[in-house]
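In what follows, a structure is listed as structure tokens, so that the remarks can point back to it.
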Amino acid sequence: MGTRHPLGEAIRMARHRRHWTQQQLAMAIPVDSVHLSRWETGARTVPLAAVARIALLLNAPGLLQTACDLCPIGQAQCHEEVG
């Protein structure tokens, strides 16, 4: 298994802490479970709006900070986009 992306790993860990399956979280977002799987493995970039939604659903505000820390456009602009 390869190295996971830090944001994807944080999403996976937050999901596990809440005892949610990928299918449950995907339905709640809503996105296809394949998208969620790809986000968690780092195969696809997680849109900021999805990070915010996941953070709310899983009561995991730290996900937003993780996303901002990794954001190539800088934290200030990242915070602006998330609102």
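Computed values, structure above
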quantity	calculated
Failed item in (1) part of a helix (DSSP H, G or I); (2) surrounded by fewer than 18 Cβ atoms within 10 Å (Cβ to Cβ), with R44 passing the rest	(1)
Any hit, the range 23-35, residues being surrounded by 15 or more Cβ atoms within 10 Å (Cβ to Cβ), in contact (Cβ under 8 Å) with a residue 60 or more places away in the chain and not aliphatic (A, V, I, L, M)	no
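Values in this text are rule-based calculations from the coordinates and carry no lab data. Everything numeric here is computed off the predicted structure, so don't read it as measured data. As a convention, Cβ positions derive from the backbone with ideal geometry for all residues, glycine included, and neighbour counts pool all protein chains shown.
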